Amino acid sequence: MSALFILLERKGMILMSSGLHEECGVFGIYTGSTSDVAAQTYFALYALQHRGQESCGIVVNDKGLFSYHKDTGLVPEVFTESNLKKLGQGNIAVGHVRYSTTGNNNRSNAQPLVVRHIKGPMAIAHNGNLVNARELREKYELKGAIFHNTNDTEVISYAITEQRLAHPSIEEAVEQAMYKLKGAYSLVIMSPKKLIAARDPNGFRPLCMGKTESGAIVFASETCALDSIGANFIRDILPGELIVVDNNGIRSIKTHCNKAPFSMCVFEYVYFARPDSVIEGASVHKARLNAGRILWEEHPVEADVVVGVPDSGLDAALGFSRASGIPYGVGFIKNRYVGRTFIQPTQSQRSNSVRIKLNVINEVVKGKRVVLIDDSIVRGTTCARIVSLIREAGAKEVHMRISSPPFTNPCYFGTDIDSKENLIACQMNISEICKHIGADSLGYLSIEGVKAIASDAKCKFCTGCFDGKYPIDVPKEMPKDKFESKINE
């Protein structure tokens, strides 16, 4: 890594690639007695790092006293041994890893958000995106509220604290606030004595519950976080459900359950979640194998080797290979020290960055007809460069197969797709995209196909970014920087 890279990284000039960006990840733990909950939260966040690489944070509750640390950067960068030690021990903790679907990438937007209130402090971590956040924020500002951040989570905190004044318990306040929140939210909320998990009535984003051998109750975005601390999976949180954990045990509040269609974001299975996670009873790994199998059924091709683009294209490539009988090959080596981020201030650097992140194993593709599997095409820039790398390595033919349908609409529920102007499928047809990326053929998974990849999941799916059919009403536009526009004086 060059000195320039290190300097720019420290100055916060790392930008995400031209592909899709990660979600956020949330975690909460409640123990019966004081213990090192900070360390357990740290390990869980490490397991959820794939869901957000911009910032992270941990809040520890020691008998009502909140200690926290959060900052921009990856989990091992933000949490040194010294920082973890300063958090001390406690009996409750919440943690968060963030990618900003709303709000800029800066320290003030890092979560969990800690709120000081006359009824007691509260810490909240959120995965998702509200469709009525701007409306709610304007309402609270007109009442005198002052916002310090530019993300949806602070809006949620105001909705809860507003209800806190009228209701005796924090869980009642959350229950009432949920009537006002529209959109996607999986929450973990900590009060001085309680840990609460809540999920929106559509269940857009995953949230599950587990239990450690010592009896601690934990909540996490994915089961891989439970595995990282040796916790056993209990069940997924129901859409619309609140679960409260305190010294009286575990209580479920289902006031908001069965009020809306269960609409899990299907892209959790295609891209966001880790392959070793199980969401709503369906293995993510198996879902991606199925995606590859269905791709073969929908878009067969004669070829010599199937190659997946790391990481989320690998399982689909294996599924395509098994279904077609075409040998599977490891065609790329990924630079694990770069991850999903790289400096990209100019278009030329965005193109060159692919070489740093991925290198082709020439022997696998040279002189062969290659089927190249990836999870999506957003703008087409990265895909075109990857096809070019394969050709430069000597491939005779490159047949591109995508394990999701074309993106033709914005996502309003937490995926960073906020403008049709940036979506290549809105500007070109499939034949034109194929020519643009330099492939010999191009095939996308159909909408019916993507709905079938997790056939054993206990839910139906939101496919609004593919077909424009959203399970709830959405605004006409909702830019990522919706709270950052300048006010006319």
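The values are calculated or read from the model by the stated rules, or taken from the named source; none is laboratory data. Note that the structure is a prediction, hence the values are computed from the model and not measured. Glycine also receives a Cβ, built like all others from the backbone with ideal geometry; neighbour counts cover every protein chain displayed.
List, please: which pairs have Cβ atoms under 6 Å, are six or more places apart or on different chains, and start with a residue in the range 197-216 that is in the same structural domain as C459 (by TED's automatic domain parsing) and end with one that is among the basic types (K, R)? That search, which allows pairs on different chains as well, returns nothing. Of everything listed in (1) modelled with pLDDT of 95 or more; (2) surrounded by 18 or more Cβ atoms within 10 Å (Cβ to Cβ); (3) under 16 Å from P405 (Cβ atoms), the single unmet condition for D467 is (2). As a summary of the residue check, C426 satisfies the conditions (1) free of Cβ contacts under 8 Å to residues at least 24 places away in the same chain; (2) in contact with a strand residue (DSSP E or B) (Cβ under 8 Å, 6 or more places away or on another chain); (3) of a type in the set (A, V, I, L, M, F, W, C) except for the one numbered (2). If the condition is being surrounded by fewer than 22 Cβ atoms within 10 Å (Cβ to Cβ) and among the polar types (S, T, N, Q), then the range 204-235 contributes T212, S214, S228, N232. The helices (runs of 4 or more DSSP H) falling completely within the range 218-329 that include 2 or more residues that are over 30 Å from P201 (Cα atoms) and not assigned by TED's automatic domain parsing to the domain that holds G52 map to 284-298, 314-324.
For the range 79-107, give me each residue that is closer than 28 Å to F267 by Cα and at pLDDT 95 or above. Within the range 79-107, V94, G95, H96, V97 meet the criteria. The condition of being more than 20 Å from the chain's Cα centre (by Cα) and small (G, A, S) holds for only one of A231, A273, that being A231.
Tell me, yes or no, whether the range 366-380 has at least one residue that is of a type outside the set (A, V, I, L, M, F, W, C), modelled with pLDDT under 95 and over 25 Å from the mean Cα position of the chain (by Cα). The answer is no; no qualifying residue exists. Could you go through the range 286-300 and let me know if any residue there is surrounded by fewer than 19 Cβ atoms within 10 Å (Cβ to Cβ), within 21 Å of the chain's Cα centre (by Cα) and modelled with pLDDT of 95 or more. Scanning the range 286-300 turns up at least one residue that is surrounded by fewer than 19 Cβ atoms within 10 Å (Cβ to Cβ), within 21 Å of the chain's Cα centre (by Cα) and modelled with pLDDT of 95 or more.
Checking each residue in the range 470-489 for being crowded, with 18+ Cβ neighbours inside 10 Å and at pLDDT 75 or above picks out Y470, P471, I472, V474. Going by the structure shown, is V398 at pLDDT 95 or above, part of a helix (DSSP H, G or I) and assigned by TED's automatic domain parsing to the domain that holds S446? No. Given the condition out of contact with any helix residue (DSSP H, G or I) (no Cβ under 8 Å at 6 or more places or on another chain), in the same structural domain as G438 (by TED's automatic domain parsing) and modelled with pLDDT of 95 or more, answer yes or no: does some residue in the range 342-349 qualify? There is no residue in the range 342-349 that is out of contact with any helix residue (DSSP H, G or I) (no Cβ under 8 Å at 6 or more places or on another chain), in the same structural domain as G438 (by TED's automatic domain parsing) and modelled with pLDDT of 95 or more.
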